[in-house]
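**Student:** Shown below is the structure under consideration.
The values are calculated or read from the model by the stated rules, or taken from the named source; none is laboratory data. Everything numeric here is computed off the predicted structure, so don't read it as measured data. Note that each Cβ is placed from the backbone with ideal geometry, even for glycine, and that neighbours are counted across all protein chains shown. Note: areas computed on protein heavy atoms with side chains; ligands, DNA, RNA excluded. Shrake-Rupley method; radii C 1.70, N 1.55, O 1.52, S 1.80 Å.
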Amino acid sequence: IKEAKKLSKTEFLRWFSMTKELPSIFASFKKISAVQILYIQGSEDHLFLNDVKSFVENKKNETLIIIPNCGHLINLQKPNTFNKIAADFLTLQQS
């Protein structure tokens, strides 16, 4: 949250404009549907969380993990949690 507050209005609007591109980004993921995909979202990521939830719903090769009390920048806000989840996921993919 501290990092997000440092964004200027212009930078925030640039990030926000990316939300209109989400459907096409998610559509491109369909091409790699045989691969396991992990999404890690913060519970307070108000720009992207609902879209990711909807996209992942009922998909067998995709997993969404939501980190409580965290925004969009999980790797900065809760790096140990993010790293553990990512490492565990990658370890499972290798077995």
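**Student:** Can you work out the accessible area per residue across the stretch 34-95, with the rest of the protein chains kept in place, probe 1.4 Å, in square angstrom? Walk me through the numbers before you get to the answer.
**Tutor:** On the way: 4020 Å² over 62 residues.
Value returned for the stretch 34-95: 65 Å² of accessible area per residue.
**Student:** Which FRET efficiency, nearest 0.05, do Thr10 and Leu92 yield, Cβ-Cβ r, R0 35 Å? The partial results should precede the final answer.
**Tutor:** Numbers: r = 41 Å, r/R0 = 1.17.
After rounding, the FRET efficiency stands at 0.30.
**Student:** Using the Karplus curve 6.51 cos²θ - 1.76 cosθ + 1.60 with θ = phi - 60°, work out ³J(HN,Hα) for each residue of the stretch 54-61 in order, rounded to whole Hz, and write x for Gly and Pro.
**Tutor:** So the J values, rounded to whole Hz, are 5, 5, 7, 3, 6, 9, 6, 9.
**Student:** If you place +1 on the Cβ of every Lys and Arg and -1 on the Cβ of every Asp and Glu, how big does the dipole about the Cα centre of the stretch 47-94 come out, in debye to the nearest 20?
**Tutor:** Working: 5 positive and 4 negative charges, 15 e Å.
So the dipole magnitude of the stretch 47-94 works out to roughly 80 debye.
**Student:** Still on this structure, please answer the following. What does the highest-first list of 63-76, 8-21, 81-94 look like by mean Cβ count within 10 Å?
**Tutor:** Values: 63-76: 15.8, 8-21: 9.9, 81-94: 12.2.
Highest mean packing first, the order is 63-76, 81-94, 8-21.
**Student:** Amide H to amide H under 5 Å from Tyr39: which residues, 5+ apart in sequence or cross-chain, H placed 1.01 Å off N in plane?
**Tutor:** Close amide H contacts, sequence-distant or interchain: Thr63, Leu64, Ile65.
**Student:** Residue-wise, which Karplus ³J(HN,Hα) couplings in Hz belong to the stretch 8-15, taking 6.51 cos²θ - 1.76 cosθ + 1.60, θ = phi - 60°, and x for glycine or proline?
**Tutor:** Values per residue, Gly and Pro as x: 6, 4, 4, 5, 4, 5, 5, 4 Hz.
**Student:** To continue, here is another question. At what distance in nm do the modelled label points of Met18 and Ile37 sit from each other, each positioned 7 Å from its Cα along Cα→Cβ?
**Tutor:** 1.6 nm
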